[in-house]
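Enquirer: Attaching a single structure in structure tokens format; questions to follow.
Please treat every number below as a calculation from the coordinates, not as lab data. What you are looking at is a predicted structure, and each value in this text was computed from that prediction instead of being measured. Cβ atoms come from the backbone with ideal geometry, glycine included; neighbour counts cover every protein chain shown.
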């Protein structure tokens, strides 16, 4: 028996119905999309919802579209959807690069990008790329909608800005006209693993860089200090070394079962340098193909 | 045996084999690719099936003050709650130090204290949480060296009273459950004669088997009192025997117990002997008439089955500059866990062989089995040899470098050959060790530089030898029954287990060879102790050799009966008859051809209408009659505890990214002397699979415990076993065939051996690549990267 | 408490009354009697419970059975009903499996892969299998078989 606690399962037919259910049950309700986190958390008694609201099938939440330079990811878009999306591969390929290193096919077919943000484990994969890209989380509730910048989303391990009764409907990413990106994820081996550390870099024309780290702080962190140090400078060895030297100021890794703080810090320096180079080369259309192993 | 000479035997000469030695398709392959293969968890037992859940100790060492089951028993759906008071039984394979349920004392986190039997698994689990156990905590000890200290808490005050096999030497008043000494030659003189003496210590952590199928048992004691146990096991007969011993107070003996084992989803030693299955057996007696099912969760699979024991090894080896090893001293301290009923024999096996496959005139081995408050250690593919080989083989390379000799050449000079003295004084069996060394070295172009594929990477090569003998009681045996069916097909019953190694297929090939039928007309049945004849256990890589001999004997007996019938009906001399393509043929009458299917059940009709013969059956058995554990306890000399050794050599080409520590196996070559490869494809499967299992132990696996003895990574999220991405770019299996004189068609076992060399050769390759020697497993990317970083930037790392 | 759920399993319709807490894996094994999806870890790590849900592999231990209402579910029992599928034949002939416990999941992952990429590369095969743990084989014989199946016209 995987799940030992009883709960009520509801599958609303419309967004309004879903929001009403969430409003009614508040924190006692859990939203079910892919379920890959929710069901394992229920199994381990980390959560014990009384009502499980299955939002699959709600109209409009699956689509991945590009509207006026903004990428829109419906809350039901899975990592496999991202990997297969021609829109993503043309306009924001680093997102597919990230999706390609999430777990394995059977999980990616089910797990959603929005769900990954909502689970908000420190090692989440969606966070760094989306944070570096200044993504926004669109939220609906019975009393209206609101938008939260991803920079204000993560509040700690498994904690987000989402309130009881609210539902994430979409993630929007205002895409820079031209960019090169890179997502590097450190695992204990090549196969499926949770990130020991990760870094996302966007390189923009004019030597602008946007950088975020995952799994090296209670939440995904933006590396503003490093971005500033790089601002307007071509990526030579000295610049890269200076940027790497700032890593300890940006991250606050812990030592745990998966890696020591020392290795996490060391690897964030290594990965930052490699990701910066790859992103800059990709911006110049001269980089390794997205998805190529750089670790 | 038959005593028949003639063309039949000529057909079994090595050069003329039809089925043995070929890469036949597995006879269980179709079951597995279609989903037809039934495992214990797949069996249905009807609506009266009950489910058990276990109450487990949260403490590594504590006295049980009281157990209150009343609340659990009152939960609707609960049928029975039982504790050690209901079943105050001990059990164990080699030493009876284990309790069915902890009674007065718990000795590891997760140990079973009580059980709830309920109508459904959810109720059982819920009720298990309601059992109130009051504990008084005791000081615990987790490190074998600390456990040896006089002030260490003693885990088993009753050690002196535990029944055990005669080749164990427990030391009551301490935590030493067994100490095996093997001493030969003048050690002092040996070290004095050496130009270089190298001393160091090596540490190997605990490992988990990680068979994909968790342990599961279903048991039912019927109204007439008969106990049937369906279990995912490597050892149906040994289980029956241990159950009969443990349940003797209930009036049960062997004839009252039946163990049935269908397909098993991997074992690797973890399903040998008896672990959680004893719970199924006793619980069934508490709810007579009902089948009771107990299936371990993946977490329980990690913390309450056998684990590979941890090892701290202190090694001292001396050599002369000409490359001759003069003396070896090896102290092995095993973290054997809370109960050592099986694990002590791992310690024993290591204590007999921890020289590695080398000719050394003076040796002293001391292998110490130490109780700790961690889960019970036990058998794991390699049975102690992987553990001690990490130190031995690392040391051999280092010693070679210290005297300025190529490490492969150093091994060539000292590698054991047929007739050399084994550590315990008997003689080494025929072996192709030198051929294996040469071929493995050639396969990785030993001595040639390789350039890295990526700039900044470094490439290193590693090399290691391995050997292993089956660790068995001297009278471990195998038996087989065989019968013909009306269509000339054959059923063979044995009690070895198909764990995936391809055993059923190889047994079918042996029968096919002797009886001249295609292997796919031979069904080899999984065990049922009521029907299938005796087999000790499917462990020790002995089954091809031992059961292969038994099956061959059964087939030869059937063949003899066939010839007798043909002789009786047709008057042809038995010595002139032979089998070919499912027919009996005759040397002296080329036109004679009698299809087996025409008579192997019906018999042969004679001119007067009467029949000769009848159903053809055969039986065979094998037991080595030269093995003995009688030896001087002080030196281990005088006995013949091991039947033979299988040997080999392996090499690796490893590419290392010194910045990240990431290692990629570009090529791994492993040469093993199988005596005779009965099915080369399946043997290569053992190489590919075993090598990867070994590589994982050195590259990323290990069991991590916190300071309270709790396992921190009891799942595949954090105990990483390799995925399809984590394989060598290339594996080169090399089969050496120097026949084993008493093996079926010359075969000896190889199953465990393929993982033994992996760890030390990686350690070698890492040193060759980045110049850092690691004496502790695993050698993770993290450890490599940090060691390199500390060396390159000592200032940055001074504070860490 | 019970939910009326319709599952289509290997082409057969099953109308079941299910507790929402039942996983798809439990419902398939316990209610439908399809035993090829195995219980290996119950937390999505091992892939032994892999089934195809509307043509995509999922971990049936991480799917509630009620979620699969109306879905088309394929297990190994539903592959190659009329003789062996080419990939099954290749796996058989390559002696790819040892203990066979991972086989149901691996066959389904291969089926999904070959449907999308009839002639996969080695890397694609590895990626498709990466979520199905196998402790016996070292994967190489499985990879070789799937590559061989992908080479057939």
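Enquirer: Could you give the distance between the Cα centres of the range B:436-460 and the range B:167-206, to the whole Å?
Expert: 34
Enquirer: Run the numbers on chain B and let me know its relative contact order in percent, using alpha-carbon pairs under 8 Å that are six or more apart.
Expert: 16
Enquirer: Next question, about the same structure. How high is the FRET efficiency from residue B:149 to residue B:475, r the C-beta distance, R0 45 Å, rounded to 0.05? Spell out each step's value before the answer.
Expert: Values: r = 38 Å, r/R0 = 0.85.
With a Förster radius of 45 Å, E is 0.70.
Enquirer: At residue A:67 and residue B:120, where each label point lies 7 Å from the Cα along Cα→Cβ, what is the point-to-point distance in nanometres?
Expert: Going by the 7 Å Cα→Cβ label model, 4.5 nm.
Enquirer: Where the centre of each part is set by its Cα atoms, how far does the range B:322-347 sit from the range B:549-564, in angstrom?
Expert: After rounding, the separation between the Cα centres reads 42 Å.
Enquirer: Given axes a ≥ b ≥ c from the Cα gyration tensor, I'd like to know whether chain B is rounded (a/c under 1.5), prolate (a/b larger than b/c) or oblate.
Expert: Details: a/c = 1.79, a/b = 1.13, b/c = 1.58.
Oblate.
Enquirer: Starting from the Cα gyration tensor of the range B:29-134, take the square roots of the eigenvalues, sort them a ≥ b ≥ c, and report rounded, prolate or oblate (rounded when a/c is under 1.5, otherwise prolate if a/b is larger than b/c, else oblate). Display every interim value, and only then the final one.
Expert: Numbers: a/c = 2.54, a/b = 1.43, b/c = 1.78.
In terms of gyration-tensor shape, oblate.
Enquirer: Tell me the mean residue ellipticity at 222 nm calculated for chain B from its helices only (DSSP H runs of n ≥ 4, each -39500 (n - 2.57), averaged over every residue, nearest 500).
Expert: Details: 19 runs with 202 residues, N = 800.
About -7500 deg cm²/dmol.
Enquirer: For residue A:245, project a label point 7 Å along Cα to C-beta. Then give me every residue of the range A:256-295 with its amide nitrogen under 14 Å of that point.
Expert: Zone members listed by number: none at all.
Enquirer: Which of the three applies to the range B:607-700, rounded, prolate or oblate, going by the alpha-carbon gyration tensor with a ≥ b ≥ c and a/c under 1.5 meaning rounded?
Expert: Values: a/c = 4.35, a/b = 1.64, b/c = 2.65.
In terms of gyration-tensor shape, oblate.
Enquirer: If each residue of separation counts as 0.36 nm, what is the full-extension length gain between residue B:592 and residue B:730 once their alpha-carbon separation is subtracted? Don't skip to the end; give the middle numbers.
Expert: On the way: separation 138, 0.36 × 138 = 49.68 nm, distance 5.15 nm.
Residue separation times 0.36 nm, minus the Cα-Cα distance, leaves 44.5 nm.
Enquirer: At 7 Å along the Cα-to-beta-carbon direction for both residue B:451 and residue C:121, put a label point, then send me their distance in nm to one decimal.
Expert: 2.3
Enquirer: While we're looking at this one, here's another question. Between the range B:42-107 and the range A:99-113, what is the C-alpha centre distance in whole Å?
Expert: Cα centres, the range B:42-107 to the range A:99-113: 40 Å.
Enquirer: At 222 nm, what value in deg cm²/dmol follows for chain A if DSSP H runs of at least 4 each add -39500 (n - 2.57) and the sum is divided by all its residues, to the nearest 500? Mind dumping the intermediate values first?
Expert: Details: 12 runs with 99 residues, N = 295.
Value at 222 nm, helices only: -9000 deg cm²/dmol.
Enquirer: What FRET efficiency would be calculated for the residue pair residue B:331, residue B:793, taking the C-beta separation as r and a Förster radius of 30 Å, to the nearest 0.05?
Expert: Working: r = 37 Å, r/R0 = 1.23.
About 0.25, to the nearest 0.05.
Enquirer: For residue A:146 and residue A:225, FRET efficiency with R0 = 35 Å and r from the beta-carbon atoms, rounded to 0.05? Walk me through the numbers on the way to the answer.
Expert: On the way: r = 29 Å, r/R0 = 0.84.
Computed FRET efficiency for residue A:225 and residue A:146 comes out at 0.75.
Enquirer: Modelled label-to-label distance, residue A:155 and residue A:47, 7 Å Cα→beta-carbon offset: nm?
Expert: It works out to 1.4 nm between the two label points.
Enquirer: Between 0 and 90 degrees, rounded to the nearest ten: what's the tilt of helix C:103-116 against the longest Cα principal axis of chain C?
Expert: 80
Enquirer: A further question on this structure: May I ask for the angle, rounded to the nearest 10°, between helix A:261-283 and the longest principal axis of chain A, with both axes built from Cα atoms and the value confined to 0 to 90°?
Expert: Tilt of helix A:261-283: around 80 degrees.
Enquirer: Shifting gears a bit: Using a cut-off of under 15 Å, list every residue of the range B:223-244 whose amide N is near the label point 7 Å from the Cα of residue B:530 along the Cα-to-beta-carbon line.
Expert: Inside the label zone: B:223-231.
Enquirer: So, one more: Compute the helix-to-body angle for A:15-25: its Cα long axis versus the longest principal axis of chain A, expressed 0 to 90° and rounded to tens.
Expert: 80
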